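Asker: Below are the structure tokens for one structure; questions will follow.
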Amino acid sequence: MSHSKQQKETKIEHDRENCIGCTSCAAIHPKSWKMNEDGKADFIGEEDNFELDMEAAQSCPVNVIHVIKKDKKLI
Ligand code: SF4
């Protein structure tokens with residue numbers, strides 16, 4: 001199942017099913033990503049920070065975080 005949340009013009013998509021729980025996204029952008037007790041990350045999106053969104057997505061070893069800006073998929 002895919003989770004997404006609208007953040008102004010930037011949209012984050014998380015293929016949570018395939019998250020391996022490495023904690024990288026939560027370490028880089030803790031206001032957007034939080035580790036769940038089931039071992040996977042949850043997108044909480046408390047801060048709209050494009051740079052950190054991109055960094056978190058780029059850090060994901062299994063590429064399950066996607067950043068879409070103005071309908072264009074950046075990662
Ligand atoms: S970086 Fe990717 S694999 Fe690691 S916890 Fe975040 S979403 Fe899951």
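Asker: Where does helix 50-59 land angle-wise versus the long Cα axis of the chain, in degrees 0 to 90, nearest 10?
Answerer: 40
Asker: I've got another one for you. Work out the charge dipole of the range 3-73 with +1 on the Cβ of Lys and Arg and -1 on the Cβ of Asp and Glu about the Cα centre, then indicate which of Trp33, Cys60, Phe50 is farthest towards its positive end.
Answerer: Final value for the positive-end residue is Phe50.
Asker: Ok, one more. Would you list which aspartates and glutamates come within 16 Å of Lys11, measuring only between C-alpha atoms, while excluding same-chain residues fewer than 8 positions from it?
Answerer: Qualifying aspartates and glutamates at Cα under 16 Å: Asp42, Glu46, Glu47, Asp48, Glu51, Asp53, Glu55, Asp71.
Asker: Non-local amide H neighbours of Trp33 (under 5 Å, H modeled in plane, Pro and chain starts lacking H): which ones?
Answerer: Ile44, Gly45
Asker: Let me have the 222 nm mean residue ellipticity of the chain computed from DSSP H runs of 4+ only, each contributing -39500 (n - 2.57), with the sum over all residues rounded to the nearest 500.
Answerer: On the way: 2 runs with 15 residues, N = 75.
Only helices count here, giving -5000 deg cm²/dmol.
Coordinate-derived values only; no laboratory data. Everything numeric here is computed off the predicted structure, so don't read it as measured data. So basically every Cβ, Gly included, is an ideal-geometry build from the backbone, and we count neighbours across all protein chains shown.
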